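See below for the structure under consideration.
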Amino acid sequence: LLFIWFDTTGQIIKNDKIIETDTISASQVVVDNSGNIYLALTRKVKGYKASASVAKYNSNLQKLWEQKIYTNTDFTSVCNDVLLIGSDSLYATGRIEAANTSGTLENSFMVSLSTSGKLGWKKYFEYSNSGSALISNDSDILFMLNRNCFIISVLDPYSGTVMGPIRMFNVCDSYTTDAFGADIDIFYDKNILVAGSTGGNFYLAIKPSL
């Protein structure tokens, strides 16, 4: 793992490496007001499939905990994003394999965690998809962008109750699409802003939240 700090002018202040015995990659990072660092991780142990986890480090890069999101080593799981709301609510998203009658199927997922690493609720969403990015609005409502077809899952942060999907396209097949969502944010007028690509070109759209 490589940590790099920048100042507001873009200059590198410092960088540190943490050597792991396994193959490991960080997809996203958030920092709390105490300087603790939360990472969306994917770990690959030799002889096993990749597994998703979230880890917490203090400001001295000492690992405080690492929580596996999915423990079945027969199936691949990947963590793509992590979001911190308030002082004790973490959320992570990515993709998980699951068994079906024809073999395996990928599902996008979201989980809730406390800042001490305790798992809360876990939800599965779109088939043949992957959660790529997370954002919350002023009311702490969660918006999870599914990579394929830009499908946004809207959730209550406390229970994980699905409040409805938001779709960028009326017709879009997640299995065969070339429309891939990369990131999501809330625009100044409180509408949703999404970015990615479709047809090999850059894609940007603004849509009401619900």
### Message
Given a 1.4 angstrom probe, what's the average accessible area per residue across the chain, in square angstrom?
### Response
53 Å²
### Task
Just tell me which lysines come within less than 16 Å, Cα to Cα, of residue 118; anything on the same chain fewer than 8 places away is out.
56, 63, 68
## Note on the structure
Whole-percent carbon and sulfur contribution to the accessible surface of the chain (1.4 Å, no ligands, DNA or RNA) stands at 49 percent
### Message
By the 4.7 Å beta carbon criterion, which cysteine residues of the chain come out unpaired?
### Response
79
### Task
Pull out a ≥ b ≥ c, the square roots of the eigenvalues of the alpha-carbon gyration tensor of the stretch 160-210, then state rounded if a/c is under 1.5, prolate if not and a/b is larger than b/c, and oblate in the remaining case.
oblate
### Summary
Once the dipole of the chain is set up from charges on Cβ (+1 Lys and Arg, -1 Asp and Glu), the residue from the list 84, 10, 48 lying farthest towards its positive end is 48
#### Entry: Cβ-derived FRET efficiency at R0 41 Å, residue 138 paired with residue 46, nearest 0.05
0.35
### the stretch 54-204 shape via C-alpha gyration tensor axes, a/c threshold 1.5
oblate
### Query
So how much slack lies between residue 66 and residue 11, counting 0.36 nm per residue of separation and subtracting their Cα-Cα distance, in nm?
16.8 nm
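Suppose every K and R has +1 on its Cβ and every D and E has -1 on its Cβ; what is the size of the dipole of the chain about the Cα centre, in Debye to the nearest 20?
Numbers: 17 positive and 20 negative charges, 97 e Å.
Using only the charged Cβ atoms, the result is roughly 460 debye.
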### Long pairs among 17/46; 44/207; 17/190, criterion Cα-Cα beyond 30 Å
44/207; 17/190
### Query
In whole angstrom, how far apart do the alpha carbon centroids of the stretch 120-138 and the stretch 1-42 sit?
23 Å
## Note on the structure
Distance in nm between residue 173 and residue 185 label points, each 7 Å along Cα→Cβ, equals 3.4 nm
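Which order do the peptides 3-11, 155-163, 141-149 take when ranked by the mean count of other beta-carbon atoms within 10 Å per residue, highest first?
Packing proxy ranking, top to bottom: 141-149, 155-163, 3-11.
The values are calculated or read from the model by the stated rules, or taken from the named source; none is laboratory data. Because the structure is predicted, anything quoted here is derived from the model rather than measured. Neighbour counts are summed over all protein chains in view; Cβ atoms, including those assigned to glycine, are modelled from backbone coordinates with ideal geometry. Heavy atoms of the whole protein, side chains included, go into the accessibility calculation; ligands, DNA and RNA do not. Shrake-Rupley method; radii C 1.70, N 1.55, O 1.52, S 1.80 Å.
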